[in-house]
1. Tell me the strands (runs of 3 or more DSSP E) entirely within the range 169-267 that contain at least 2 residues that are of a type in the set (Phe, Trp, Tyr) and surrounded by 13 or more Cβ atoms within 10 Å (Cβ to Cβ).
2. Just to be sure I understand, how many residues within the range 1-43 are farther than 19 Å from GLY122 by Cβ, touching a Pro at 6+ places or on another chain (Cβ under 9 Å) and among the charged types (D, E, K, R)?
3. Looking at (1) at pLDDT 95 or above; (2) over 23 Å from SER16 (Cα atoms); (3) touching a strand residue (DSSP E or B) at 6+ places or on another chain (Cβ under 7 Å), find the lone condition where ILE120 falls short.
4. Do we find a residue being under 16 Å from ASP322 (Cα atoms), surrounded by 23 or more Cβ atoms within 10 Å (Cβ to Cβ) and more than 19 Å from the chain's Cα centre (by Cα) anywhere in the range 358-367?
5. Going residue by residue through the range 316-334, is there one that turns out to be surrounded by fewer than 24 Cβ atoms within 10 Å (Cβ to Cβ) and more than 22 Å from GLU371 (Cβ to Cβ)?
6. Would you confirm, using the coordinates I've provided, whether GLY64 is within 27 Å of CYS251 (Cβ to Cβ) and small (Gly, Ala, Ser)?
7. For the structure I just gave you, tell me whether ALA57 is at pLDDT 95 or above, among the small types (Gly, Ala, Ser) and within 19 Å of ARG388 (Cα to Cα).
8. For residues that are under 22 Å from GLN178 (Cβ atoms) and assigned to a helix (DSSP H, G or I), scanning just the range 1-44, find the one that is modelled with the highest pLDDT.
Amino acid sequence: MELNKLKSRFFQVFESECGKAVKLFFSPGRINLIGEHIDYNGGYVFPAAITLGTYAAVTTRNDGKVALYSRNFESDGVIEFALTDLERQTDEPWSVYVKGVIDTFIKAGFHIGQGFNAYIEGTIPNGAGLSSSASLEMLIGQILESLNGLTVSGVEKAKLAQEAENAYVGVSCGIMDQFAIGMGRRDQAIKLNTTNLCYEYAACDLGDYRVLIMNTNKQRGLADSKYNERRCECEAALALLQRVVKIDYLCDLTADEFAAVSGVLGEGDLYRRAKHAVGENERVKLAMAALSEGDLAGFGELLNQSHISLRDDYEVTGAELDAIVSLAWAQDGVLGARMTGAGFGGCGIALVHGDKLDEVREAIAVGYKQEIGYEADFYVASIGDGARVLE
């Protein structure tokens, strides 16, 4: 995004601020390259921040109030509230995430006294599974830190943003999204253990290949999905396995160890859910090794295996994701493809040779419209740095 255009749009909304110094901020979205539905099973995830994200142009104000405007939700107009009145309103719009982060910072002991005006514009499609809400939360954390003269580590900001979404917004998300957005590095993915937040960076040199993000345009809506059901099934499988082996999480088991004790689960759903968790955790480790060795073909095959497991064993893909991924698999120049995020809609990713991008995108678009009946959207995003001050 052109930063001068961002400033210009800010002054169009906040005309009285003309002539004032404007601070600019950016917070990315994220993709999870591999490691799906295992964060709550003690497994590793392998996310990366992307160059799509949420921008803000901000000026300070001296009356202890916050005024917000989003180009993505223009019909809501300017939303204003006082820093001393952060009570959640009935049918609170997108500003609930902003209030939640401010409230959580204050409750954590940080002095938040600086009011501000913020023009916000996101390039992440809402509901696509690229973490637009976490991007906004981490953006606000960055703004609060900068305007109030605070020193807050990236890990601490991620924890506070997760707490805001859990306790204030009321969504029981894990920490992966906020962590990847806050701690992202250009051309690097993060191997993260979400149970203890131990992490390491892994170079993600894709050479001539690009990550094509394929938006099914099916809204995912976790509240209406089988997300909670899957968690309960994993907990039930874990309880049965703990009768015969000493583990705290499903992903404490290697594939060989799981094979030796899985008989206790029978051959039904609990077996298949646990099989996915254990296998996906192994795939994360193999994917990191493949990238470190420059084995992009091997990395792509692991993406394929991940989707097959999510489709057949964990059953969280659905017709739209299966269609768009299958179409990607059929194209020359594609090394691998899978769903990313929670599933039940949202996005898939494909590893595509740069010379074939337009051809692959067109073929998938045509096939998807024919099979599903409506259009998909596509984005090419690089792996970028985490939330930051731009100026």
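The values are calculated or read from the model by the stated rules, or taken from the named source; none is laboratory data. Because the structure is a prediction, the values reported are computed rather than measured. Don't worry about glycine lacking a Cβ; one is built from the backbone with ideal geometry, like all the others, and counts go over all protein chains shown.
1. Because the criterion is at least 2 residues that are of a type in the set (Phe, Trp, Tyr) and surrounded by 13 or more Cβ atoms within 10 Å (Cβ to Cβ), the strands (runs of 3 or more DSSP E) in the range 169-267 that meet it are 198-203.
2. 0
3. (2)
4. Yes, the range 358-367 contains at least one residue that is under 16 Å from ASP322 (Cα atoms), surrounded by 23 or more Cβ atoms within 10 Å (Cβ to Cβ) and more than 19 Å from the chain's Cα centre (by Cα).
5. Checked against the condition, which is being surrounded by fewer than 24 Cβ atoms within 10 Å (Cβ to Cβ) and more than 22 Å from GLU371 (Cβ to Cβ), the range 316-334 yields no hits at all.
6. no
7. Values: at pLDDT 95 or above: yes; among the small types (Gly, Ala, Ser): yes; within 19 Å of ARG388 (Cα to Cα): yes.
Yes: the conditions hold for ALA57.
8. If we take residues in the range 1-44 being under 22 Å from GLN178 (Cβ atoms) and assigned to a helix (DSSP H, G or I), then ASN41 is modelled with the highest pLDDT.
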